[in-house]
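As structure tokens, the structure follows; a few thoughts come after it.
The values are calculated or read from the model by the stated rules, or taken from the named source; none is laboratory data. This is a predicted model, so every value here is computed, not measured. Glycine gets a Cβ as well: all are built from the backbone with ideal geometry, and neighbour counts include every protein chain shown.
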Amino acid sequence: MIRVLLVDDQEMLRMGFRMILEAEDGIEVVGEAGDGARATQLAADCRPDVVLMDVRMPVMDGIEATRRIVANDPAVRVLVLTTFDLDEYAFGALRAGASGFLLKDVPPGELASAIRTVASGDAVVSPRITRRLLDEYAHLLASSGQDQPAEAGATFAALAALTDREREVLSALADGLSNAEIAARLFVSEATVKTHVGRILAKLGLRDRVQAVVFAFQTGIARRDGPNRSS
């Protein structure tokens, strides 16, 4: 059973999500919150597997709530809810540790599927949306990657552990490519790409491919004006 916490300042919207999810097998709504502060408290009390998180809320916004929830329990997965598919608030939540984001008008089947996906440890940001996010906000990623000396040393050591092929896969992830597209680019199988992605995440201590994309831009492995960037 996947335990879900609903977080949105609109009660009617929470009610709608609850109705959808309660009709799904294997998903249980364990709590609701109308602001980020309450969400942080409930996440500690209810220990959900997945949090559906609005970003623009009173008291505490979803970005700070996401940061606190993930820091308190890295096993919790956060799915950001947003009205627009290019929302700087949603992007900030991804940087804070969210595993993806959904539009608030997401079809019921896709909502349930997304929850199951992140609960299994993967991320929910389609390659198309990843490209658009990076095109819009790559400069913010680059400017946020100024590590302190100790952090920079740890980052260098982690990068040094990657093989040349793993660096190629990481760069392709930063281009917003799916596993199938990476396989075609590198002339390998999708299964091989999946294996490489898993090893990259393990070596770098990252949660999912969304975090890998952020890492690639912050460390300079990928750049918006690099030769591999496309629309």
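Yes/no per residue for (1) within 26 Å of Gly205 (Cβ to Cβ); (2) among the small types (Gly, Ala, Ser):
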site: Met1; (1), (2): no, no
site: Thr40; (1), (2): yes, no
site: Pro48; (1), (2): yes, no
site: Val59; (1), (2): no, no
site: Gly62; (1), (2): yes, yes
site: Asn72; (1), (2): yes, no
site: Val80; (1), (2): yes, no
site: Thr83; (1), (2): no, no
site: Phe91; (1), (2): yes, no
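Say whether the condition of being surrounded by fewer than 17 Cβ atoms within 10 Å (Cβ to Cβ) and either modelled with pLDDT of 80 or more or within 16 Å of the chain's Cα centre (by Cα) (or both) is met by at least one residue in the stretch 143-162.
Within the stretch 143-162, one or more residues are surrounded by fewer than 17 Cβ atoms within 10 Å (Cβ to Cβ) and either modelled with pLDDT of 80 or more or within 16 Å of the chain's Cα centre (by Cα) (or both).
Starting from residues that are within 16 Å of Val4 (Cβ to Cβ) and among the hydrophobic types (A, V, I, L, M, F, W, C), keep the ones in the stretch 71-100 and report whichever is modelled with the lowest pLDDT.
For the stretch 71-100, the residue satisfying everything is Leu81.
Just checking, does the stretch 101-119 include any residue being among the charged types (D, E, K, R) and at pLDDT below 80?
no
Are there any pairs, at least 6 apart or on different chains, whose C-beta atoms fall under 6 Å, with the first in the stretch 34-59 and assigned to a loop (DSSP other than H, G, I, E, B) and the second β-branched (Val, Ile, Thr) and surrounded by fewer than 23 Cβ atoms within 10 Å (Cβ to Cβ), and if so, which?
Asp35/Val59; Pro48/Val30; Asp49/Ile2
Kindly indicate whether any position in the stretch 65-77 is within 14 Å of the chain's Cα centre (by Cα) and surrounded by fewer than 19 Cβ atoms within 10 Å (Cβ to Cβ).
yes
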